[in-house]
1. For residue B:218 and residue B:120, FRET efficiency with R0 = 22 Å and r from the beta-carbon atoms, rounded to 0.05?
2. Given only helices, namely DSSP H runs of n ≥ 4 each adding -39500 (n - 2.57), what is the per-residue ellipticity at 222 nm of chain B, to the nearest 500 deg cm²/dmol?
3. What whole number of Å gives the distance from the Cα centroid of the stretch B:152-226 to the Cα centroid of the stretch B:95-119?
4. Which residue, B:368, B:302, B:103, tops the fluctuation ranking in a GNM of chain B built on C-alpha contacts under 10 Å?
5. Could I have the simple spin-label model distance between residue A:216 and residue A:61, label points 7 Å from Cα toward Cβ, reported in nm to one decimal?
6. Between the stretch A:17-65 and the stretch B:288-317, what's the alpha-carbon centroid distance in Å?
7. With just the Cα atoms defining each centre, how far is the stretch B:1-61 from the stretch B:260-280? Give it in Å.
8. Using 0.36 nm per residue, how much length does the chain from residue B:154 to residue B:285 gain when fully extended, once their Cα-Cα distance is taken away?
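Since every read-out is calculated from the coordinates, none of them should be taken as a lab result. These numbers were taken from a predicted model, which means no experiment stands behind them. Using ideal geometry, Cβ is built from the backbone for each residue, glycine included, and neighbour counts are taken over all protein chains shown.
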Ligand SMILES: Nc1ncnc2c1ncn2[C@@H]1O[C@H](COP(=O)(O)OP(=O)(O)O)[C@@H](O)[C@H]1O
Ligand SMILES: [Mg+2]
């Protein structure tokens, strides 16, 4: 059973009188543990695809099965629970809450999920250590560098131990060096079995993924994984 | 999200934007403070008047010469010339009336008091032994007027505190002979000092037997007859019997006015109570305005924090969680505002009492409770709309607004 199974997905937006097909005729399977890079020109539907995968958006047509369950028909609250427990987001602009400290930002998904404070503190302490942020626990986001902010964001995305991490241009606001660090962190997570889907403009970074999807006008133009089955066997095996 | 976490999240959000938080807390506190201070003023006025009336005596029925058109209280009756005078015998006829506990005639005038070469003008009240208990006067020294035949008063006087002070200074006053007008009177009692009130100032008063006063002023009319009813319930019946008795004595003519302090008091009480309520209502409008302000502040907060709301949704927050967080924030703003306003109001009332000690400017409990709960309720009600708007935001759209 694939972790992600999209079939016949269509996502349309109405812009004035014209309909934009942000996604059209999309069929896609992603196995658990895969490392997928989504590439393609601006406006090709990469973010729309990622939002859909993260249950932040619903398709107009088609079904999305996550871990074998049709999640398109879930109620908003059920979708929120799936987001809370199974999915972690990393954004280009970090999206940290400015008034909360690094530790509080990392704990936020657990706070929202109603996990007791003691448990939260335990996990946050570990995460701060794992991501090299022990000295930054009480710093507000504006006291952190870009790389540190994205590390906080990644720590936050992983704190609920999700099966799937979705990163939309996570290095877009970082210089090459810190971007490299962030990618290493994400790849390390993938190495521990977390499924990783990264949207990127950067050819070199995309090439590091074991599978590349290339989007164009809302359609899947190329899928390296679909052709290379052995690659897949290597990951899941 | 846990309740404590929701509250902490709301608190951090509120303190994270000090400007708008201060603004809404201020608006709410001004509303509550207005309710507290204005009702303290209104209720203070009511208490002051009621207190002053009560100091005239309890369960008092007063007979005035002259007929009043409406039967109600009309100060003009006090000065209009009357067809038939009230006499000591009129007063005496009321003594055994059912429901009347005490009766005292009252004749008043001004005269001079003279002792040891010291002379001053005084107010003279001619009455009987029961005058002092009816009016709730208290004696500092000696005793009141003796029980005796009302028409043959003995040559004695009870003097006010200030007169004693001026005439006798440090020397004993009781037993001394003073000259009042053309009479030599023995001082048998000194009244306690009362200060200025709604009734007469007893400090400069000399009380003498009523027949003596009439002789002094060369008249046989009374200024008032005062009757103390047995109880509050006995007042109406006694009032009717008083009216009937005097009418019979005056050959069937209703040429007197009988007022009860009770009726006057009730009128003032009602009037000032209504005033307090009206004032509280006006102040409550400022609370509603504050509620609308809190709503606007929260709507601004939702707009300001759209990106954050999108993030919370991405992190797995349910609509309910977001609604509660924003509602808690609105509730917190109004709760703190209400508390600050309550303290400000009490401080204001306290200051008023410091400057005007005779004026009991205490806010009534009902006003405090109503003010506080209105503040909390408006804060919550006006917080619902922004909270729902926040919870309904589309996460993708919201995330783009960062
Ligand atoms: N909320 C929206 N309303 C209207 N059009 C949208 C919306 N979101 C995306 N689009 C359109 O859908 C297309 C795909 O957008 P997007 O997925 O953001 O592209 P990418 O991330 O690849 O740059 C674009 O043409 C974009 O203008
Ligand atoms: Mg994009």
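1. Working: r = 22 Å, r/R0 = 0.98.
The formula returns an efficiency of 0.55 here.
2. Working: 12 runs with 217 residues, N = 402.
It lands at -18500 deg cm²/dmol.
3. Their Cα centres are 8 Å away from one another.
4. With Cα springs under 10 Å in chain B, the top fluctuation among B:368, B:302, B:103 is at B:302.
5. Reported label-point gap for residue A:216 and residue A:61 is 2.2 nm.
6. When both Cα centres are located, 30 Å separates them.
7. When both Cα centres are located, 23 Å separates them.
8. This chain segment gains 40.7 nm when fully extended.
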